[in-house]
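Worksheet: the structure to be examined is printed underneath.
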Amino acid sequence: MKNIVFIIVSMLIFVACKKDTVTEPTPPVNNTPAATGGTLKISFANMVDSLPLVYGTFYKNANGDTFNVNKFMYYVSNITLTKTDESVYKVPNSYHLINRGNDLANHIVNLSGIPEGTYKKITYLIGVDSARNVSGVQDGDLAPEKNMFWDWNTGYIMLKLEGYSPVSGTVDKSIQFHTGGFKGANNVLRWVSINFPTNLTISATKNPELKLSTNVNELFKNPNVYDFTQDYFIMSEGLRANTFANNYQDMTSFKEIVQ
Amino acid sequence: MVFFSCKVDPKINPILPSDDLKEIIPPGWPEPVYRFNNNPIKEQVFVLGRALFYDPILSKDNTVSCGSCHQQFAAFAHADHGFSHGVDDKLGTRNAPGMFNLNWHPAFMHDGGVNHIEVMPVAPIQNPVEMDLAFNDALEKLKNSNRYKKLFAAAYGDENVTSSRMLKAMAQFMGLMYSYNSRYDMFKRGENGVTFTEQEQRGYQLFLANCNSCHKEPLFTDFSYRNNGLTVNALINDSGRAHITQLPEDKFKFKVPSLRNIALSAPYMHDGRYATLQQCLDHYTNNVVNMVNLDPLLLPNGIPMNAQQKSDIIEFLKTLNDYKFIGDKRFADPGIN
């Protein structure tokens, strides 16, 4: 009987691993900040393909629809950093709302207390893990007044993009994409893993910056091309939010490391 | 100075010194879902929560408070209102439920959409047909209020108004609303020589046989979502639980309400369509519609009861009125808003 259970469980694990998806790092994880650790500045530049995203400026999506953006916010949480020796540091209480607002400066996440060493990879969740969705009121970037919180169906809006497209089917020609959902089939949380082409050195005497780049057009392109005459509005969890999350899972890529 | 700022504002009705504010788990009740973790019970925090609950400052035009639609004499339901009216007399589409023993609720609202008592108030504050105030603006109003600066300082040691402090204080006030002193409770506990009349006794036995599988003792709900065969109001077309889960099998299901204080909290059902308990029982004998997702317990013909049995059940339900709870001054409007 035990063998059968083992086989079934192994099959389940196999099935679960079959898709080429990123999961939370599993090696022994250290989540205690180092007393003499170093800092890391992570900046998220918002782009539309090769152009910097400027709110109100018109771009074209992969379908050829004209659009602009007036709001683009998303959560990055559970940041982990992997060293070249495969050991993993998990940043404690790591919840960051990436919201550039109207300010053209890139959004910055400042981390400190990172154990010294040479790192090769960053992994994080787009969104807020389920535990923080079910534990009552939260502080900081997770406070409900950040306007990334569904009050009628408790949970965080993991990513929000709003803007305008002349072809949108809404009466005011707006486009609005809000994704949420953290349970079962409606889970839109996506792990992201970004390898560094050059190693990142953390030390008490340096202040390196990891520059990442998020491409808004990636949200509407791959694997599903969005046609704003048909798809211009997501406001609840479910299949459509999930499909959209599959699109934005790979919206962010490595740009450079400034040591 | 520190000593002075920690004292409760004398204008705020203090809690009667004889009353203890503490977590209560009546004997035989299950463990509550909410245990005041990270929200230690403290008189000044409770007083802040109570002030917020009764203060229309949390509505757009300062006209509607939580207490407007959750009245203590109706066990914190909205007496005689099928739908409640928010700012500008806008009408909602669901009946305001009673509030008591909230720490046992795994989720709130008729559709279970809110998963935690601490975030519960955000929904009615922001709802355009209730208090219609962006949560950010609610916080700003509190930050600009000298009265709240004092209340927050008394509760938390400094004047800093944060959403976390605000919502935890409200959760503390609401979570401490325990209703466990009805005649039924005293009868079950063998207190004060309380006995049931013959009719109440018959009603209790009928209740156990016909109602208790959903309105389960001792909380008088099993907190499940069920379709009890109400005709769908086509103008509202409220899909109930399915609005939250997006699952077709949840369509037209609503949270089973507690029957505690039920005789105090008319009207009934998620849309307040029934004005009396008699109408509710008549629904189960005559009007259950065999529709999609109808609860199997109501097949094939609702719940068979004759007129005498219905009146016995109603007499029993009245024993669930908790007059100590609805008269408890700790939960009353402090009267200074």
Fill in: Residues located in segment B:174-187, provided they are in contact (Cβ under 8 Å) with a residue 12 or more places away in the chain and either part of a loop (DSSP other than H, G, I, E, B) or more than 14 Å from every other protein chain (Cβ to nearest Cβ) (or both)
B:L176, B:M177, B:Y178, B:S179, B:Y180, B:N181, B:S182, B:R183, B:Y184, B:D185, B:F187
Worksheet, complete the sentence: Among helices (runs of 4 or more DSSP H) completely within segment B:38-147, the ones holding 1 or more residues that are more than 13 Å from chain A (Cβ to nearest Cβ) and in contact with a helix residue (DSSP H, G or I) (Cβ under 9 Å, 6 or more places away or on another chain) are B:43-53, B:66-69
Worksheet, complete the sentence: In the set B:F83, B:F46, B:F135, the lone residue that is assigned by TED's automatic domain parsing to the domain that holds B:F173, at pLDDT below 95 and of a type outside the set (D, E) is B:F83
Item to complete: Sort out which residues of segment B:148-172 are in contact (Cβ under 8 Å) with a residue 40 or more places away in the chain, outside any loop (DSSP other than H, G, I, E, B) and more than 11 Å from chain A (Cβ to nearest Cβ), and write them in order of number.
Response: B:Y148, B:K150, B:L151, B:F152, B:A153, B:A154, B:A155, B:Y156, B:Q172
Response to the item:
Across segment A:118-165, the tally of residues that are farther than 27 Å from B:H110 by Cβ, open to solvent by 20 Å² or more (accessible area, probe 1.4 Å) and in a strand (DSSP E or B) stands at 5
Worksheet item: Residue check: is B:R202 under 23 Å from B:H116 (Cβ atoms) and either not in a loop (DSSP other than H, G, I, E, B) or not small (G, A, S) (or both)?
Response: no
Fill in: Selected residue [at negative phi and touching a residue at least 60 places away in the same chain (Cβ under 8 Å)] from B:L259, B:L277, B:L299, B:L281
B:L259
Worksheet entry | Qualifying residue in segment B:302-312 (condition: touching a strand residue (DSSP E or B) at 6+ places or on another chain (Cβ under 9 Å), hydrophobic (A, V, I, L, M, F, W, C) and assigned to a helix (DSSP H, G or I)) | no
Worksheet item: Which of (1) surrounded by fewer than 21 Cβ atoms within 10 Å (Cβ to Cβ); (2) under 30 Å from B:L277 (Cβ atoms) does B:I117 not meet, given it meets every other one?
Response: (1)
Discussion item. Among the residues that make up segment A:168-177, is at least one of them crowded, with 20+ Cβ neighbours inside 10 Å, at pLDDT 95 or above and in contact with a helix residue (DSSP H, G or I) (Cβ under 7 Å, 6 or more places away or on another chain)?
Written reply: yes
Worksheet item: When only residues in segment B:151-199 that are of a type in the set (D, E) and modelled with pLDDT of 95 or more count, which is most open to solvent (accessible area, probe 1.4 Å)?
Response: B:E198
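The values are calculated or read from the model by the stated rules, or taken from the named source; none is laboratory data. For clarity, every value in this text was computed on a predicted model and none was experimentally measured. We place every Cβ from the backbone using ideal geometry, glycine too, and count neighbours over all the protein chains shown. We work out accessible area using only protein heavy atoms, side chains counted, and drop any ligands, DNA or RNA first. Shrake-Rupley method; radii C 1.70, N 1.55, O 1.52, S 1.80 Å.
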